[in-house]
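Presented below is the structure to which this report refers.
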Amino acid sequence: MSAEIYVRNAWYVAAWNTHLPVGKPAAISVLGEPIVLYRSASGRLVALEDRCVHRLAPLSLGRCEGERLRCMYHGLLYDADGRVIEIPGQAQIAAQARVRSYAVVERHSWIWVWMGDPSLADATLIPSAVGLDDPAWVLGTGQLDYAAEARLINDNLLDFSHLPYVHAASFGAPEVFATERPITTALPRGVRFERWVVNRQRMFSKDANALVDNWSSYDFVVPGVLLMWNGSFPAGTARACNFTKPDYQQALCDVTFTSQAVTPLTENTARYFFSWGPHCAHGDEARRDLLMGIASQAFGEDKVMIEAQQRVIDRTANPQIMPTTADKGVTLYGQIVRRLIAAEATSPTKSFTPAATPA
Amino acid sequence: MSAEIYVRNAWYVAAWNTHLPVGKPAAISVLGEPIVLYRSASGRLVALEDRCVHRLAPLSLGRCEGERLRCMYHGLLYDADGRVIEIPGQAQIAAQARVRSYAVVERHSWIWVWMGDPSLADATLIPSAVGLDDPAWVLGTGQLDYAAEARLINDNLLDFSHLPYVHAASFGAPEVFATERPITTALPRGVRFERWVVNRQRMFSKDANALVDNWSSYDFVVPGVLLMWNGSFPAGTARACNFTKPDYQQALCDVTFTSQAVTPLTENTARYFFSWGPHCAHGDEARRDLLMGIASQAFGEDKVMIEAQQRVIDRTANPQIMPTTADKGVTLYGQIVRRLIAAEATSPTKSFTPAATPA
Amino acid sequence: MSAEIYVRNAWYVAAWNTHLPVGKPAAISVLGEPIVLYRSASGRLVALEDRCVHRLAPLSLGRCEGERLRCMYHGLLYDADGRVIEIPGQAQIAAQARVRSYAVVERHSWIWVWMGDPSLADATLIPSAVGLDDPAWVLGTGQLDYAAEARLINDNLLDFSHLPYVHAASFGAPEVFATERPITTALPRGVRFERWVVNRQRMFSKDANALVDNWSSYDFVVPGVLLMWNGSFPAGTARACNFTKPDYQQALCDVTFTSQAVTPLTENTARYFFSWGPHCAHGDEARRDLLMGIASQAFGEDKVMIEAQQRVIDRTANPQIMPTTADKGVTLYGQIVRRLIAAEATSPTKSFTPAATPA
């Protein structure tokens, strides 16, 4: 995959942690690299190159044996560092008989894999998503596979002016999402978007006459993680706090949180992980299920549009975009990504170059 | 798509007019160019490049608003000439914010799109198909998508010597279609085929003993439109009119008409539109339905053969054909197409070159 | 297809003979070359290039007429040598109007096609498979299509150390298949594998306590044919015959035979033909059906692993293998194949180069 599009020194979401029980290897590609994930008998998480050194069979068809993983083609046994430690019927094992191992961390209910220089893997760079075990939130989860490159999904999440059009039938966001621009701020590894919508009807509520001031704020950070807070406040709050960030303690209703992560699987496929739900003071499991039903519809709408966009791009000889003023966040994020990629290239510790087999 | 195969300054059938109600955009590719068709609130037909200037989303997922079409990704609004006339939240609109618009005409129940130089679009060049509203004929209709390039379907329609073989089980055409050649005449933009079959059994009739002289005549014209008349006459008529064109007023039975159009969608896919039915003096809706049942089977037989032919061509390193004397029409049509394409190249008004985005 | 991988001067299995009734043409690709097979009215087997000289329609959609085959697109008639002997409506037929014909032989219930220089086709080179009509064996049959290149299946069959892993749930082969190496011997056109497993439980038997010495021996010969004998003997037999080949007359039970053939269809697809069953003195049709049930499961396990291996290879930039000592047979077979291919290249009679159409 093209090195100029995605940051390598970053944590990518590889799976929901519930999808990785002890002893059951799972396969995923990230940035085009096939990876096998497993949770060992002791509970340790392991992420290895999913390609046996012998004849390139996928280790994800293998068998967990305690801390180790056995290739189930001809029985080579790998330890958690990717070293071959047993070849049935053979006494000597070459030192280069090993596959790449990836730094892997479980946090906020997600399994995160570091795709860059292993010596730079820094767990403090993991975005502050919210896990399902956080008692403050009542979250539902889902995931969706895209026949489209991750970058197009990122672009979508970096420009909410699409809400009144793509999601006209689901989220019911007012036109002001397209006609007015949010406050857009660069972060060290992403972009922050903040927006007041004043005198808006309560979201997904039968009480259509109750007008509120709605505040939403989200960070979209490298390598493609969205963290968003939302809350409705008594009408007048926006003006009272001079259109800056409100105190969530004052929220009237509809305080919700969503984590979303876009993982490039291959050059033209991606996986989209998401959670959403109310703060425990603002909703219960029924409210969560209502929100997740709406999200299912809405994320399906995104998928239809983005996959269609991908097909148009694929049959366009020299695809060029024509940015609008709504693209400020997209542009800003692109600059940050390019800056981080440039820094990787000049880093004294060279980025790991994945090889077909260990050199 | 290769410019050497298909004439650009020509009207291509893009749809049955019944498939384009007011306010419902429809997508089609012609010569590899994605096109969105819509019928505006006032009934005007519009054909635009199906690719938003902003981020290349397909406009065919858009929403008709009166005379206009709104891209439903980020809300850009296009007028019927392809100009962007509104970008939500943005005051200025660049002059180059426009997509190509195509000349489009509704005639003979088909929507025709002109793929070449718009300044040369000339509605008199639309082939004389017969519409469903013509009271003289009782026509049924259909369409079929091919996983094969349009040229192979054209070749098929330019050589009816395939009838006794491909359609042995359906049309029941006698062997003479293969063993004797029709009268073949060049037209300014196509080829005419005429043939008497004497002492032939009536077509699709239980009255198998009734021998007739059958006359069939068809024009196959650029860019791939077949117009065919058929009629059976009292035995002896062929000789009586010296094997030239008969007077249809003298026809005994089985006077039918069929329009067929082959539209290249992409380099290796095509759409085949067709109608068929009896003259109102020679059949009713029941006869039409009988004919359409036979046509369904027969056109399916063509599709099986031509798609199989395409697969063989695709896996042949340097595919070469070896023409027979039955290929006279194919050869003649090829010469006409090459002559028209050469004329396009030397035309003072340069053919429109579709760009990924407006220059 | 790459000429460096597969021997051309060899007999490839193209079909089970029961799949080729008189008068029904069948299509297969071998080494990427489309071939039509038919059995003529007199019972003669014919194998021709499956591509009409006229417009490249597949002859396998044609109609058998006595000894001949008619292309059912425009009616060209081919004789059994591939010559066009009739073009409807055309008096003259060019001498170069012919397709390649292949040497083809029916033996051991298989149809074998010679893919190399026709002048070297030598029926004595057909491997000694066992036909279904051999009264000594009670054989079941099957075939399986692979989305993987034939070479990977050959590799699999040349290294039975995969048995305890891939087939842990089916064949129940003990670990010794992986931890100890068989006797491996080069043959003129293949490799022989022989192995005693002593004090093994009877295979697929409820009598789990009955320990036997099991002898298995197979030849894997060009271009990808496996012929395998198996038998269980009283414990102690292996030692008594000094771990060499036993006398099958002394076998206690479980004497079976299997023929297997791997045919490369295209660069990345293959067809796998197989039979298996007991010697008539060691089992009946019920035993055969039991064995074929196990084989169905086991060969499905191979397919899962090998197709997954192919997918990993396909997305690996520069796929390299790292052989183990279990690869002795694979390596030996590769040397034999390369030697035979080199001999073909220097042969005074040049290998036939298949052309798109006759030159």
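First measure r as the distance between the Cβ atoms of B:Leu144 and C:Asp145, then evaluate 1/(1 + (r/R0)^6) with R0 = 22 Å and state the FRET efficiency to the nearest 0.05. Working shown, then result.
Values: r = 29 Å, r/R0 = 1.30.
Plugging the Cβ-Cβ distance into 1/(1 + (r/R0)^6) gives 0.15.
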Distance (nanometres) between label positions extended 7 Å along Cα→Cβ at C:Ala235 and C:Ala210: 1.4
Segment B:Arg315-B:Ala136, length gained on full extension (0.36 nm per residue, minus Cα span): 59.8 nm
Which of C:Gly116, C:Gly66, C:Gly140 moves most in a GNM of chain C, Cα contacts under 10 Å? C:Gly66
If every Lys and Arg gets +1 and every Asp and Glu gets -1 at its Cβ, then about the Cα centre the protein assembly as shown yields a dipole, in debye to the nearest 20, of 940
Would you please give the FRET efficiency between A:Phe243 and B:Ala91, computed as 1/(1 + (r/R0)^6) with r the Cβ-Cβ distance and R0 = 22 Å, to the nearest 0.05? 0.50
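Can you quote the Å³ per residue value for the convex hull of the Cα atoms in chain B, rounded to an integer? Please list the in-between numbers first.
Values: hull volume 53.8 nm³, N = 359.
So the per-residue Cα hull volume is 150 Å³.
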For chain B, which cysteines have no disulfide-compatible partner, meaning no other cysteine Cβ under 4.7 Å? B:Cys64, B:Cys241, B:Cys253, B:Cys280
Distance histogram in 20 Å bins (all Cα pairs of the protein assembly as shown, percent per bin): 10, 29, 34, 23, 4, 0
Most positive-pole-ward Cα, C:Pro34, B:Leu340, B:Ser216, against dipole of the protein assembly as shown from beta carbon charges: B:Leu340
Efficiency of FRET between C:Glu106 and B:Thr331 - r from beta-carbon atoms, R0 56 angstrom, step 0.05: 0.85
Starting from the Cα of B:Thr179, step 7 Å along the direction of its Cβ; do the same at A:Ala27; then give the gap between the two resulting points in nm. 5.9
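Which value in deg cm²/dmol, rounded to the nearest 500, describes the helix-derived mean residue ellipticity at 222 nm for chain B, given -39,500 (n - 2.57) per DSSP H run of n ≥ 4 and division by the residue count? Mind dumping the intermediate values first?
Details: 6 runs with 69 residues, N = 359.
Helix-only estimate at 222 nm: -6000 deg cm²/dmol.
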Sorted by average packing, counted as other Cβ atoms within 10 angstrom per residue and highest first, what order do A:273-281, B:308-316 take? A:273-281, B:308-316
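Which pairs in the list B:Lys328/C:Lys24; A:Lys303/B:Lys24; B:Lys206/C:Lys24; B:Lys24/B:Lys303 are over 27 Å apart, alpha-carbon to alpha-carbon? List each step's numbers first, then the result.
Numbers: B:Lys328/C:Lys24 32 Å; A:Lys303/B:Lys24 21 Å; B:Lys206/C:Lys24 31 Å; B:Lys24/B:Lys303 30 Å.
B:Lys328/C:Lys24; B:Lys206/C:Lys24; B:Lys24/B:Lys303, as the Cα separations exceed 27 Å there.
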Spacing of the two label points (7 Å from each Cα toward its C-beta) at C:Ala169 and C:Asp284, in nm: 3.2
Equivalent ellipsoid semi-axes - Cα gyration tensor, the stretch A:193-266, angstrom: 27, 14, 9
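Translational D (Stokes-Einstein, µm²/s) of the stretch B:140-338 at 4 °C and 1.567 mPa s when Rh comes from the Kirkwood sum over C-alpha pairs? Mind dumping the intermediate values first?
Values: Rh = 17.6 Å.
Estimated via Stokes-Einstein, D reaches 74 µm²/s.
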Provide an ascending nm list, one decimal, of label-point separations from C:Asp81 to the equivalent residue in each further copy; define each label point as 7 Å from Cα along Cα→Cβ. 7.2, 7.2
Label distances, nm, C:Pro21 versus same residue in remaining copies, Cβ-directed 7 Å point: 5.0, 5.0
Computed over chain A: relative contact order in percent, which uses C-alpha pairs under 8 Å that are six or more apart: 19
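Mind putting a number on the dipole of the stretch B:1-155 about its Cα centre? Charges go on the C-beta only, +1 for Lys and Arg and -1 for Asp and Glu, and I need it in Debye to the nearest 20.
Values: 14 positive and 17 negative charges, 108 e Å.
Dipole of the stretch B:1-155, to the nearest 20 debye: 520 debye.
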Using only alpha-carbon positions, what ratio does the radius of gyration of the stretch A:11-125 give when scaled by 2.2 N^0.38 Å? 1.02
At B:Asp207, with labels set 7 Å past Cα in the Cβ direction, how many nm apart are the copies from this one, shortest first? 8.2, 8.2
Once Lys and Arg get +1 and Asp and Glu get -1 on their Cβ, which of A:Ile306, A:Phe243, A:Pro278 lies farthest toward the positive end of the dipole of the stretch A:140-315? A:Phe243
Could you work out the pair-distance distribution P(r) of the stretch B:135-241 from its alpha-carbon pairs, with 10 angstrom bin width and percents rounded to whole numbers? 12, 39, 38, 10, 1
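Computed from the coordinates by the stated procedures, all read-outs in this text should not be read as laboratory data. Because the structure is predicted, anything quoted here is derived from the model rather than measured. With ideal geometry, Cβ positions are generated from the backbone for all residues, glycine too; neighbour counts draw on all protein chains shown.
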